[in-house]
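First up is the structure itself, then whatever we jot down about it.
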Amino acid sequence: MFTDHRSRFAAGVLATLPLLFAAACGDPTSSHPASSISSSPLFSTESNGSSGVAAGFTVLGQAAASCTDGTILGDVGTFQTNPPGAITLVRCPVTGGQHVGDAAAKAAFNAFVAQYDLIAPKVGDCDLAHTLLSTIPASTSLPPGVYCTGAALTATDVTLTLNAGGNANATWLFKIGSPGPAGTGALTGTNFAVLLAGGAQACNVTWWVSQAATISTTTTPGTAFQGNILAGAAITLTRGSLNGNAWAGAKADATGVRVGDVTVTGTAVVGCKSSGAGNGNGDGDDDGDKDHKDKDHDKDKHHDKDKDKCNQGVGNGDEGCDPGNSNHHHGSNDEDGGKPGDPGRKGGH
């Protein structure tokens with residue numbers, strides 16, 4: 001059965017070998033190279049060097065993206081230009097931009113494909129304890145890790161709880177199906193909710209899907225589907241909420257053709273990207289270092305430029321800076337002698 005009690009899990013696995021992936025995913029703390037890459041957060045540019053380009057896009061489709069009676073927080077884009085590329089919004093407000101086959105959308109889609117290929121299942125990825133049955137028969141809980149199925153994954157009227165155990169940086173990577181042009185494996189969730197516990201973060205959850213992802217979540221308050229969906233084919237979202245990105249159409253067939261649209265109906269989709277709010281250290285990103293590099297995404301024209309420390313004296317006007325860490329190395333002239341009525345040197349130290 002689908003459980004994190006390893007002895008019982010292994011027994012269920014051995015009884016149903018035809019349903020399972022022959023290779024499996026290791027523990028995320030392992031030194032195995034595949035695990036160390038795969039269990040990294042989706043937008044860690046240090047681990048893959050490309051996915052940050054796509055980080056501003058909540059919805060990405062190969063040719064089409066549509067939303068009816070939903071909401072989308074973030075950008076929407078398609079790889080194809082018009083025609084056949086199209087974005088259709090009916091009673092669906094979008095907070096970001098709309099990009100039909102423009103340079104930004106193409107770059108984002110190509111980065112998505114690169115990430116999809118990078119984390120695709122590989123022989124030796126998963127051990128027996130992290131290999132899932134093709135059905136989630138009952139509500140259960142999983143600790144952080146990398147989990148695989150060799151075939152489709154189906155969940156109906158169940159809740160999956162992801163418990164970080166107090167570690168807000170904990171990650172989950174689900175690899176649904178098999179890779180390659182002939183690979184199969186869809187993700188189908190009907191009244192399927194994913195709950196976060198113990199400090200788990202939705203943007204640290206990734207669902208790699210060989211084929212299509214079809215998710216309908218419950219409308220019960222507080223329930224949602226959590227995580228970024230990277231699908232080889234189409235993504236269909238119905239009702240409820242998705243906290244994560246929906247990127248579709250990464251898999252190429254034997255001739256190199258990709259097909260995969262995103263269809264949203266009645267779902268509130270909240271994308272994953274850095275807040276860009278800064279943390280007061282003056283480097284304009286959300287991590288704790290001072291390197292001006294956001295750990296969640298590369299800066300591009302869709303994101304604010306890193307903000308410098310302020311020179312925020314009276315009369316200096318809007319400096320576009322981060323006021324959280326003005327200091328005497330690059331201080332504000334408030335600190336270095338400026339005062340109301342005598343604001344000091346504009347741009348001074």
**Q.** Residue in the stretch 172-202 that is farthest from Gln62 (Cα to Cα), counting only those that are assigned to a strand (DSSP E or B) and open to solvent by 10 Å² or more (accessible area, probe 1.4 Å)
**A.** Ala197
Q) Can you name the strands (runs of 3 or more DSSP E) wholly within the stretch 104-162 that have at least 1 residues being in contact (Cβ under 8 Å) with a residue 40 or more places away in the chain and touching a Phe, Trp or Tyr at 6+ places or on another chain (Cβ under 9 Å)? A) 140-142, 145-149
Q: Quick one: count up the residues across the stretch 108-143 that are among the hydrophobic types (A, V, I, L, M, F, W, C), more than 21 Å from the chain's Cα centre (by Cα) and surrounded by 15 or more Cβ atoms within 10 Å (Cβ to Cβ).
A: 5
Q. Does Gly96 qualify as being at pLDDT 95 or above and in a loop (DSSP other than H, G, I, E, B)?
A. yes
**Q.** Every residue from the stretch 256-274 that is open to solvent by 30 Å² or more (accessible area, probe 1.4 Å), of a type outside the set (Ser, Thr, Tyr) and in contact (Cβ under 8 Å) with a residue 60 or more places away in the chain
**A.** Arg258, Val259, Asp261, Gly266, Ala268, Val270, Lys273
Q. Which strands (runs of 3 or more DSSP E) sit wholly inside the stretch 203-248 and have at least 3 residues that are more than 17 Å from Thr78 (Cβ to Cβ) and not aliphatic (A, V, I, L, M)?
A. 205-209
Q: Would you mind telling me which numbered condition in (1) in contact (Cβ under 8 Å) with a residue 40 or more places away in the chain; (2) out of contact with any strand residue (DSSP E or B) (no Cβ under 6 Å at 6 or more places or on another chain) Ser66 fails?
A: (2)
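The values are calculated or read from the model by the stated rules, or taken from the named source; none is laboratory data. A quick note: this is a predicted structure, and the numbers were derived from the prediction, not measured. With ideal geometry, Cβ positions are generated from the backbone for all residues, glycine too; neighbour counts draw on all protein chains shown. In case anyone asks, the SASA skips ligands and DNA or RNA and just uses the protein heavy atoms, side chains included. Shrake-Rupley method; radii C 1.70, N 1.55, O 1.52, S 1.80 Å.
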